[in-house]
């Protein structure tokens, strides 16, 4: 059974009818309980902006490696921004068959010694000057969309629409990636991204026209092909934890079988750095996860949790961050 497509325009426009909102959040509830994955349409993100960012990203990935390395993650320091080369990111300890760029909220006032994963982005201003403005404009628009979708999720849980915006995501952790997947070679066994779940609350994934994403539903692995004008939306481990397992953080993976160069644009909308993430009051839990983890076992701030997770993706950068962040030692978070 394919993933459902949910029109979220009733959450985006200010004058939507109560009936339209109810239909939307009921559809979201069903999707989150079933597989935690669905497409969204009616999101209001301009296609012209998407096209501008896609064109700039393609221009960047066509550059020679030495030009791309001018904005390498090593230059981003504890802000954890910049480019990583092919096989430079790990999933479950195995190199991914992709290259990419890490971005986040542009925080020009961040003090590096106080908080990691915050600061300025690294942009290829000389080689692809149009990429930076496109990314920043996209981040603004999609952050607004993410707040709206989280409002629908709150309503689906019987909470006030601003429940998350007034608490966990009042100052959200916003992370954005652009990934380039070369075509998979037949029989090589490499995955663009191995089986995993996302760390935080909500992911909004923009795909180009090339397939490759697979989702492990209750019926088994299915393809989640690109559908023009939509985002793939999925919930992460923190929303699974908050709902005590009612809403599912579902494994997914990527293998570029299209025979063409594939780009994807995952946007992660997560709790604020200092937010505690206890289960919601009514959550009972009890559903066994695919990997045996008990998400309820983690206590602490989202920032501490995130550092432990990201440090496993880029172990070469983890020591510097861990040493400077009190109480956030690598290995203290479950794998």
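Since every read-out is calculated from the coordinates, none of them should be taken as a lab result. Here the structure is a predicted model, which is why all the values come from computation and not from measurement. When we count neighbours, we look across all protein chains shown, and the Cβ atoms used for this are built from the backbone with ideal geometry, even at glycine.
Packing here is the average count of other Cβ atoms within 10 Å per residue, and on that basis the peptides 194-200, 165-171, 140-146, highest first, run 194-200, 140-146, 165-171. Placing dummy labels 7 Å off each Cα toward the beta-carbon, the span from residue 58 to residue 140 is 2.6 nm. Measuring r between the beta carbons of residue 228 and residue 188 and using R0 = 30 Å, the FRET efficiency lands at 0.50. Between residue 13 and residue 48, the contour length at 0.36 nm per residue exceeds the Cα-Cα span by 10.6 nm.
Of all DSSP beta bridges confined to the range 1-112, the antiparallel ones make up roughly 55%. Spin-label pair residue 30-residue 170: with each label point 7 Å from Cα along the Cα-Cβ axis, the two points sit 3.6 nm from one another. With both labels modelled 7 Å from their Cα along Cα-to-Cβ, the residue 67 to residue 1 distance reads 4.8 nm. Take each peptide in 229-240, 20-31, count the other Cβ atoms within 10 Å of every residue, and average; sorted highest first, the result is 229-240, 20-31. Counting pairs of alpha carbon atoms under 8 Å apart in space and at least six apart in sequence, what relative contact order in percent does the range 123-249 give? This gives 16 percent for the range 123-249.
Shape class for the range 62-151, computed from the alpha carbon gyration tensor (a ≥ b ≥ c): rounded, with a/c under 1.5. For residue 22 and residue 257, the difference between the fully extended length at 0.36 nm per residue and the C-alpha to C-alpha distance is 80.8 nm.
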